[in-house]
Each structure stands twice: as C-alpha cells, then as structure tokens.
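For reference, the structure discussed in these notes is given below.
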Amino acid sequence: MPDTFYLIAAVLLPFLGAMVAMMLPQSARLEAWLAGAVALLTLVMVVLGYSSMAAGRMPRVEIPWVPELGLSFVLRMDGFAAAFAMMVSGIGFLIVLYARYYMSPDDPIPRFFAFLLAFMGSMLGMVLSGNLIQLVFFWELTSLFSFLLIGYWQNVAAARDGARMALTVTAGGGLALFAGMLVLGHIVGSYDLDVVLASGDLIRNHPLYHVALVLILLGALTKSAQFPFHFWLPHAMAAPTPVSAYLHSATLVKAGIFLMARLWPVLAGTDAWFWILCPIGLITLLLGAYVAIFQHDMKSLLAYSTISHLGLITLLLSLNSDLAMVAAVFHTMNHATFKASLFMAAGIIDHETGTRDIRRLSGLNETMPFTARLALVAAAAMAGVPLLNGFISKEMFFTEALTASTMPTFMHGILPIAATIASIFAVTYSLRFIHGAFFGPATDDLPKRPHEPPQFMRVPVEVLVFTCMVVGILPAATIGPLLDVAVRSILGDATPEYSLAVWHGFNLPLVMSLLALAGGALMYRLLYRHLNAGIDGTPLLSGLDGRRAFDQVMVFLSWRFARTVERLMGTDRLQMQLRLVVCIAFLAATLTLLPHGLRAGDLRLTPVDPVVAILWAIGGACAIGAAYQAKYHRLAAVVLLGGTGLITCLTFVWFSAPDLALTQLLVEVVTAVLLLLGLRWLPRRFESAGSGDLLARFRRLRDLVIAVAAGGGLAAISYAMMTRASPEGISRQFLARAYAEGGGTNVVNVILVDFRGFDTMGEITVLGIVALTVFALLRRFRPAPESVGVPDQQQGDARDWLLVPAVTMRMLFPIIFAVAVYLLLRGHDLPGGGFAAGLMLSIGILLQYMAGGARWVEDHLRVLPLRWMSVGLLLAVGTGTAATFFGKPFLTSYFAYANLGPLGKLPLASAVIFDLGVFALVFGATVLILIALAHQSVRSQRAAPPPPPEAPARVGED
C-alpha cells in the first residue's frame, strides 16, 4: 500500500468507528470490541507509517482545498509526529480495554466509545497535520470532544461544571491560537507547515513576531493547564477515570506541549520566548507539586501532579537549549506511561472499594496486592526512583538546570534549587499516594469490600508499568531509536550528542536526586499527621482559588456585562428584534453604496405584460393584507402570506424557472402548515385600551416606513443589477459546462450539487442545526391548555369529523412517496432534485399528521428524523471526501454511462449521491420540526405533565 494510505487511514478510522459506535445497540462488550479493534488498527497504521518514515520516506499526502488561498488538506508524518501518534493510539487502545471493565452497563456505552474514538481521531489529525489552519481545526475538535467526555455523566453537576470550565478555557485559547496562526501564515506567506518550519529567521526577525508568539503561546498554555490557566484541569476529574487517564496523560494536556515543541525551531531562541515560558513553567512546576501533596482525592492528587510535570516540560522548552529540548521530548513520553497507569490504578481502587479518598483507604496491600505493586512501580517512576524511566528524564532536567548556558546568569542559582524543591514535593505526593492507600492497618470502613479487579482490567496497567521498568533499565535499546528520530525531526542537523545511560557517575545531578528522595521522605513523615487529620485546603495557599476567580469572571461576563448589553439592545419581543436586524441590514447596505452611489445599467426594460402586472398587483394586495391582518387575525395573515408565495411561484413559472417554482410551491405548503401548528398554542391577542392612541399609530407608521425603505432599497439594488450585462457571461459558462463537466442537463441542479456543492453542503448543515435547535427549545416547553385560547372541554379529537379527508390523506401517502422519488431521480436532468423531493415527502408526513395526529404518525410510520439527518449529512460529506481519494478537490463530481444492453445507456453521476444526502437531510429536518411543534400541540390539548429530564422525547432516542 502507498505511504499516504497509512496517514489517511490513521485519521479517518477513529471517526468512522465513532459513527458506527453511535448506531450500535447498548452493549458494553460489542462497543468495546469495536472501539478496541479501531484503536488497534489505527495503531497498526501509525506503526506502518513510522516504518516507511524510518526507511527514508517521509509520508505526506496533500489534497487541494482552496488552492487560490494556499489552503490544502495536508497530512505528514515525521519522527516527532510519529512518536505522538503512537502515544495517542497505543495508550488509546489500552484505555479502551480498561474502560470495557470500568464502565457500568447502565451507562450510555455507545456514546462513551463514540466520543472517545472521535477524540482520538481529533488528536491524530492534529499531530499529523501539515497545514496551520488544519491543525487549528483539529485542535478545536479536541476541545469539543474533551468537553463531551468530561461531561459524560451529564446528570452530575460537577461533571457539567468541569466540562464547561475546560471548554471555556481551552476553546478561548484556541481562538487566540487561530489568530496567531493567521499572523504566522501572513509572515511566511504560506500555511504549509514544512514551509513555516523552514522560515525560522524570517519569523523571528519580523515585526509581527511578538504578536504571533503571544497568541500561539496563549493557545498552548491554556490547553496544557499552565499557570494561571491551570485551574480547569483538577475540575475535569469529574469525568470517568478512563477519560481522565487518556486526556491527562497522553492527549489533551499534551497538545500544548506538542505545539510548543512543533514550532520550537521557528519561535524559540529569543528573549521573549524565554521570559514568557520560563516564569510560567517554573511557577506551574512548583505550584502543582505543592498543591498535590494536600489533595485527599487520588485523582485530584494526580491532576495537580500532572500540572507540575507539564510545568517541568514547559520550563525545559523555555531554556532555548537543544539538550533541554531532548529532555522535554523524553519526559513527555515517560510521563504518558506512568501517569496513565497511575490514573487507571486509582480507577481500579475506586471501582473495587467505592472511594478515592486517601483518608479512608488503608491496608489495601493485603486485599489488592498485585494492584498495589503495579501502583508502587508507577508512583516510583513519577517520583524519579532509579532504574525507572522517570529517573532518567529527571536527571536530564537536573543537568539542564545546572548547565544550560542560554539562560541569564542569576537563573543558574535559582533554577537548580527550584528543581530540587519540586522533586522533593514530587516524592512527597508519590509517597502519600502509595502509603496512604496500600499500607497501614486494613480497614473495613469502605463502601465496598476491596478485592482485585478482573484480570484484563489490570492488563493495560501491567503493560504501562512494564514499559516504565524496561525503559528505565534499558533506555538506549528501547526508547532510544524513537527518541532520536523524534528529536531529529525537530532539531535537524543541530541535534546534540546525548546519553541515555542509567549511570553517569557520582555527579551533582545524582546528588540532587538523592537529596530529593531523602527530602521527600522526610517531608512526608513530618506532614503525616496533618495530611490524615481530615483538614481540607492547602496551607499558605488557602486564599487562592482558580475556580472562584473563573466563576467571578463568568458571572461578570454572563450576568453583569451581558445584562447591561441586553438592557441597552435586547428585547423580549420578536418584532423589536426583527426591526433591529432589518435596520442594521439597511444601514450596512446604505453605507456601502454611499461612496459610489447606485446607478442602473444600460439594458432596456421590456414592456410590462398585463398578466404579470395583475399577478403582482394581487401579490402586493396579499402582502399588504397580511401585514394588516397580523394585528387582528393571525390565521388570515398566514393565508394571505401564502398568497404572496403563490404569486411568487407563478412569477417563476412565467419567467421559465420551473425548479424555483416547484421549490417555492413546496416551501409554501410546508411553511404554512408549520406556521398553523405554531399558531395553535400561541396565546390569545387582546388589544389594549390605548391601542388607538397617537403612540400606537406612530409605531405602526414607523414599521411601515422601515418596511417600505428596506423593500424599496432591495428592489433598487435588484433593478440596478438586472439592468447590467454580465461581461464574464456567467450564465453562459454554466450552460456550456453543466453537461460537459457535471453530467446533467438541469443547470440549476448541477450548480447546486456540483459547481457550488460546498455552499449547498453548508446550507443543509445549517438546516440540520436549525432543526435540532427548534427541537431542543420546544421539547421542554409545556404550554398550559388555556394558553391556546380553547377550554379543555372543547378540545376534542378532530378525527371524528375528518374521517373522509383522513382516509383520503392516508391513501395519498404512497402516491406522494412515488412523486418524491420521481423528483429525486429526475433532478439532475429535469426540474426536481433532492431539496424538492425532501419537501414533497415531508408534505406526505404532514398530511398523515393532519389525518391521525402525532401519536398515530409515531406509532405507524416510525419516522426517525435524526437518522435521516445523519445519513443525509454523511452521504453529502462522503461524496465530497471520496473525490480526495482520487487526487481531486473536495466535492469534485464524476459521471459516466452504464451500458444496460437492450435498455440502452444509463447516465450515472456521483452528484446524484450528494443530492440523495440533501434529500435525506431536508426530509429529516422538516419532520423533526414537525414533531417538535406537533408534540407541543398535543400536550397542550391534553395537559400532559412534563416528563422527567432523563426521559427525552421519543424522537431523541434515535
């Protein structure tokens, strides 16, 4: 297979697995098998790509996206990307195996594994990206899916709060990163990562360097939980332990580390880089280690220790030293192994004892001896005990703290002391983790009787602990080749000589290590009584609370500031909001036209046809009548509004636009029914006593002036455009190329599904989002029966007096279905298409609702709109993506003729599959809105009590 296949498969497989996982039934075993197979296959793809790279071929795939703007979808794998991809996929596979036994069968397992696989794909897409904008896209996807994973237990307030906090901080940093990448691309003149990495001198000497540096580091520091953005990570511990083990060891928090190391060749080497990162990394290193000592929850202890280790890596990256870069990459790998194993060990303890509180745990070494030994080795690696992997990278850190020549002179005295103190703290919290849980007298005061977990639940921990030992004993033979390839992909020819030997003689770094081990043991002994006295809080730092500061900022932004803006500009009335939107649009158009004016073209007007004049007069009368009747009779206003739509439809027919006429007619039918459904539960309108006074008349006159100004302005712009000849001959280009390049004779449909297919895909995506929003807003709304203006005793079943129409409407359904299919299949060559077909089938469902009600439609037709929408979007995106496998731009269509023998040749175009996706999504979105509105009407009539929050409407179960 070509090398590019491995890259594409490594990124796509997790996303495809996530889609399949969402559609599987509730089964922990089935979901785990699927997720495990996908993760393992992804790891194989990464390893095969690494093998190709190690053989001298750097895998790279580039698919043009918007070539005019220099944007392409680029995947590339060098040594550093390969090392990260192996961590993401390898530890991801172990996490899936662990989660199979950790997660409860009562949890929504399909959702868990779908989110986990999607997050894995997002991380792989980020580390393998070869384009700056593409990297930011996957970066934000990791924030989104981590939000869903952290808030997985959505009924738990702590999970919701932690997820919201993580998303706010990391997504906010992502916006800064996006701006920084735009500046960086502007400096270089390209967004291609290879071009950027080769432009270090240009970037560092550019006037915008400091702007790009600050913006990019804001994104990296927020994602990697560096001070002062560290507070979100401990609150993310409300997630299930497999999520914590994955996100906070090898993936999410390492994204910022990856970015800083990735751009190290072009951003590092300046005083600004040092003075931004060094203080932040140093404070984070000490603060995280110190606070971890006083945490009573095992996961919180590990969370703060993660913050500390991330600070250590950031500090190494700040030193502008090649050897420090080597130590940073090495410790990144080591931290992933021992931290993932410790999180899983904490999860095992919680799973088998029912608690993670160290104060309640004691003597588990007797009941869980094997788990105790695994946790002991992993904690020793975290503390930097010799013959374990953490010891070697810690020794490299000590060496750089003592010898780095790139930092100011006074830091040579501060940094070694700070490094030793941080290591003392690390030994202290590692001892507390092990001694507090596994040693001491056994206790019976636990929610569950402790025992060893299932054998395969321990396998991931065993693999990682074994890695810690092997790398610690034989570093050069095990991790050495991968580390060398990773470092050389960053430093290139500047890669320094370094040694991974376990013993370097009796030197000062070794003395610092021994001092840290002894000092940590002594410190734990001195604090033992305080730590087990049940005292909450951190001495000396009890007044510092990052969450409190975050909450205060959010209260200010979401309450005080937002309320102030709302009082100045907001309103509860829809009319005022629409008035504001129309006025802003009118003002924007006026300001744009003022400098140049609005002049008509040279084309002469054709004579006005009397028939068209009569039609427009009728349409204008309907529009005026709708505006007038809206004040008194809503039903009449809806009917008259439908009249204007019908006149528009006839106008399209008159001017030979059958596609537009057909679509307009179907839209009018669907819109009228949906509006009528909404009117059923709107409150009655009563005119106030002063409705005829001068103020009320002024308001009506004001609205009339705004409407005439906006409508007249739009008419003037349209007139000016239509009286000008198109010099480029756009319409002639479409006519000439529709069949030759799109394979269809219906030019309108070819434009929608081929020439401007990307716009259409965006439009149907927005339509799906709108439908989901309508359903989400209305599913919890329960209007009282009297709110529709009809007493309970008068709200009977209409089927008794609609028997004959009901039978007729049911008989029409197969005919409407056949017409919808006909419109879909003929759309590429004749008037029709997916949009019209979707609306037509929606009308069939609307008729069935009118005949039998929402319950009858649900019970007999079993329409699942969410599945229709999902399949439609997948077909649309899949059709566009398929073109990339043939080296063509996204959404490039292909057509050919199938020879059917005696039946002749059948034209086949890939755009038809795209149109099928449009049909499915339009139908699903329309039916979803119908169900949302119809359920409110039914419930308002029956005065049904609202269901509990955990019992969603039936459509939501799809």
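The values are calculated or read from the model by the stated rules, or taken from the named source; none is laboratory data. Just so you know, these numbers come straight off a predicted model, no measurement behind them. For neighbour counting, all protein chains shown are included, and Cβ atoms are generated from backbone atoms with ideal geometry for every residue, glycine included.
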Residue under evaluation Leu132, criteria (1) within 14 Å of the chain's Cα centre (by Cα); (2) crowded, with 24+ Cβ neighbours inside 10 Å, criterion not met | (1)
Please find, among Phe274, Phe343, the residue that is surrounded by fewer than 23 Cβ atoms within 10 Å (Cβ to Cβ), touching a Ser or Thr at 6+ places or on another chain (Cβ under 6 Å), in contact (Cβ under 8 Å) with a residue 40 or more places away in the chain and assigned to a helix (DSSP H, G or I).
-> Phe274
Determine whether Tyr191 is touching a Pro at 6+ places or on another chain (Cβ under 9 Å) and at pLDDT below 95.
-> no
Identify the residue in region 721-762 that is under 23 Å from Leu874 (Cβ atoms) and of a type in the set (S, T, N, Q) and, among all such residues, is surrounded by the fewest Cβ atoms within 10 Å (Cβ to Cβ).
-> Thr760
Counting only residues that are under 23 Å from Trp65 (Cβ atoms), give me the helices (runs of 4 or more DSSP H) lying completely in region 141-216 with at least 2 of them.
-> 157-188, 193-197
Residue check, Leu777 assigned to a helix (DSSP H, G or I) and within 30 Å of Val927 (Cα to Cα) = yes
Check region 790-805 and report whether any residue there is modelled with pLDDT of 85 or more and of a type in the set (A, V, I, L, M, F, W, C).
-> no
Does region 890-901 include one or more residues that are assigned by TED's automatic domain parsing to the domain that holds Gly924, modelled with pLDDT under 80, in a helix (DSSP H, G or I) and exposed (fewer than 14 other Cβ atoms within 10 Å of the Cβ)?
-> yes
Are there any pairs, at least 6 apart or on different chains, whose C-beta atoms fall under 9 Å, with the first in region 513-538 and within 25 Å of Ala381 (Cβ to Cβ) and the second among the charged types (D, E, K, R) and part of a helix (DSSP H, G or I), and if so, which?
-> Ser513/Lys394; Ser513/Glu395; Ala516/Lys394; Tyr524/Arg432; Leu527/Arg432; Tyr528/Arg432; Leu531/Arg432
Which members of region 33-57 meet the condition of being within 13 Å of Gly92 (Cβ to Cβ) and of a type in the set (Gly, Ala, Ser)?
-> Ala35, Gly36, Ala37, Ala39
Subset tally (residues that are loosely packed, with under 15 Cβ neighbours inside 10 Å and more than 21 Å from Arg100 (Cα to Cα)) for region 440-455 | 8
Run down Tyr849, Tyr822 and say which single residue is at pLDDT 85 or above, in a helix (DSSP H, G or I) and hydroxyl-bearing (Ser, Thr, Tyr).
-> Tyr822
Residue within region 141-148 that is at pLDDT 90 or above, over 16 Å from the mean Cα position of the chain (by Cα) and within 23 Å of Glu62 (Cα to Cα) present = no
Hits in region 186-205 (condition: farther than 22 Å from Ser129 by Cα and either touching a His at 6+ places or on another chain (Cβ under 9 Å) or touching a residue at least 24 places away in the same chain (Cβ under 8 Å) (or both)) = Arg204
Which of the residues that make up region 635-654 are of a type in the set (Phe, Trp, Tyr) and either surrounded by fewer than 17 Cβ atoms within 10 Å (Cβ to Cβ) or under 13 Å from Ala623 (Cβ atoms) (or both)?
-> Trp654
Residue check for Val169: farther than 30 Å from Arg60 by Cα and surrounded by fewer than 18 Cβ atoms within 10 Å (Cβ to Cβ) = no
With respect to Arg432, is the statement that it is over 23 Å from Glu395 (Cα atoms), charged (D, E, K, R) and assigned to a helix (DSSP H, G or I) true?
-> no
Residue in region 249-256 that is over 27 Å from the mean Cα position of the chain (by Cα) and of a type in the set (Val, Ile, Thr) present | no
Among (1) surrounded by fewer than 16 Cβ atoms within 10 Å (Cβ to Cβ); (2) touching a Phe, Trp or Tyr at 6+ places or on another chain (Cβ under 6 Å); (3) among the small types (Gly, Ala, Ser), which single condition is Ala82 missing?
-> (1)
Of all residues in region 701-720, which are surrounded by fewer than 14 Cβ atoms within 10 Å (Cβ to Cβ) and among the small types (Gly, Ala, Ser)?
-> Gly711, Gly712, Ala715, Ser718
Could you tell me which residue of region 408-429 is modelled with the highest pLDDT, considering only residues that are assigned to a helix (DSSP H, G or I) and surrounded by fewer than 15 Cβ atoms within 10 Å (Cβ to Cβ)?
-> Ile417
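Every residue, every condition in (1) surrounded by fewer than 24 Cβ atoms within 10 Å (Cβ to Cβ); (2) of a type in the set (A, V, I, L, M, F, W, C); (3) outside any helix (DSSP H, G or I), yes or no:
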position: His309; (1), (2), (3): no, no, no
position: Thr314; (1), (2), (3): no, no, no
position: Leu323; (1), (2), (3): yes, yes, no
position: Ala328; (1), (2), (3): no, yes, no
position: Glu352; (1), (2), (3): yes, no, no
position: Leu374; (1), (2), (3): yes, yes, no
Among the residues of region 193-252, write down those that are of a type in the set (S, T, N, Q) and either over 30 Å from Glu352 (Cα atoms) or touching a strand residue (DSSP E or B) at 6+ places or on another chain (Cβ under 6 Å) (or both).
-> Ser199, Asn205, Thr222, Ser224, Gln226
Is it true that some residue in region 437-454 is within 36 Å of the chain's Cα centre (by Cα), at pLDDT 90 or above and part of a helix (DSSP H, G or I)?
-> no
